[in-house]
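The values are calculated or read from the model by the stated rules, or taken from the named source; none is laboratory data. Owing to the predicted nature of the structure, the values given are computational and were not obtained by experimental measurement. Note: ideal-geometry Cβ built from the backbone for every residue, glycine included; neighbour counts use all protein chains shown.
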Amino acid sequence: MKKALIIDDESAIRKFIRVSLEGQGCAVVEAETGKDGIREVVGTRPDIVILDLGLPDMDGSEVIKSIREWSSVPIIVLTVREDEESKVTALDLGADDYLTKPFGVPELLARMRAAERHSMPINADAKSFKSGRLEVDLVGHIVKVAGKEVHLTSTEYDLLKLLIKYAGKVVTHRQILKEIWGPNSVEHTQYLRVYMGHLRKKIESEKDSGKIIITEPCVGYRLMIL
């Protein structure tokens, strides 16, 4: 990480994060309001943004929406809001991750590293993907686990390919349902859980269950890069 932008109206939080990040060799820029934060993204071109949702002049979700109109900079939401709706809204608008206060510095740093690594979708020309024991030939549509080929249905493969596209990032239920089954299916989360369960059984063993596809409760799923 070279430069981080903190958008938060609490000076104590900004100071705490600044000291923590500078201790890791990261330059830090601060903003107290949403409008100032957007201006800093334009002017300073940070490598990552840490954003509070409860800002004095606008909701943080509007900041995400504005930034995503022209920038793919990784955005981590850091807020006291724990409700499902706030998380889903922020992620659907383009946030890369969501962390609630109070938080631990090691977890924040880990999420920052992950967001920075995986903020850009997989290159459209990529021919393969690997995560731990999982290998996917994206040209031949061949999936292998520990070197053995695994048969996936077309829907299961589409699900896996979508998770690979956003590897490391949380993909919300709504986003998955919309992209795989269409806009009229965005409320059918139970339908998605069934297919995701089938996919997991095929690509994860008991010893690494939950390590490749991570469930973000009430929000969505994340494909890990191991």
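Against the list (1) under 22 Å from R68 (Cβ atoms); (2) in contact with a strand residue (DSSP E or B) (Cβ under 9 Å, 6 or more places away or on another chain); (3) not small (G, A, S), the condition P56 fails is (2). If we scan region 66-76, do we find a residue that is without any contact (Cβ under 8 Å) to a residue 12 or more places away in the chain and not aliphatic (A, V, I, L, M)? Scanning region 66-76 turns up at least one residue that is without any contact (Cβ under 8 Å) to a residue 12 or more places away in the chain and not aliphatic (A, V, I, L, M).
Yes or no: D92 among the acidic types (D, E) and under 19 Å from S11 (Cβ atoms)? So D92 does not fit the description; no.
Considering (1) modelled with pLDDT under 90; (2) of a type outside the set (D, E); (3) assigned to a strand (DSSP E or B), the lone condition that K144 does not fulfil carries the number (1).
Every residue, every condition in (1) β-branched (V, I, T); (2) buried (at least 19 other Cβ atoms within 10 Å of the Cβ), yes or no:
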position: A4; (1), (2): no, yes
position: R18; (1), (2): no, no
position: A31; (1), (2): no, yes
position: P46; (1), (2): no, yes
position: L53; (1), (2): no, yes
position: I64; (1), (2): yes, yes
position: R81; (1), (2): no, no
position: E84; (1), (2): no, no
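Considering I176, I203, the condition of being in contact (Cβ under 8 Å) with a residue 60 or more places away in the chain, buried (at least 16 other Cβ atoms within 10 Å of the Cβ) and assigned by TED's automatic domain parsing to the domain that holds A146 is satisfied by I203 alone. Return yes or no: is L160 at pLDDT 90 or above, in the same structural domain as M196 (by TED's automatic domain parsing) and part of a loop (DSSP other than H, G, I, E, B)? For L160, the condition - at pLDDT 90 or above, in the same structural domain as M196 (by TED's automatic domain parsing) and part of a loop (DSSP other than H, G, I, E, B) - is not met. Among the residues that make up region 188-200, is at least one of them part of a loop (DSSP other than H, G, I, E, B) and at pLDDT 85 or above? No, region 188-200 contains no residue that is part of a loop (DSSP other than H, G, I, E, B) and at pLDDT 85 or above.
Against the conditions (1) over 20 Å from G168 (Cα atoms); (2) in contact with a Cys (Cβ under 6 Å, 6 or more places away or on another chain), D9 satisfies every one except (2).
All conditions but one from (1) within 16 Å of the chain's Cα centre (by Cα); (2) closer than 28 Å to G54 by Cβ; (3) charged (D, E, K, R) apply to K165; the one that does not is (2).
Total residues in region 172-226 satisfying the condition of being aromatic (F, W, Y) and within 23 Å of D97 (Cα to Cα): the figure is 1.
Given the criteria in contact (Cβ under 8 Å) with a residue 12 or more places away in the chain and either of a type in the set (A, V, I, L, M) or at negative phi (or both), does A90 qualify? Taking the combined requirement at face value, the residue satisfies it.
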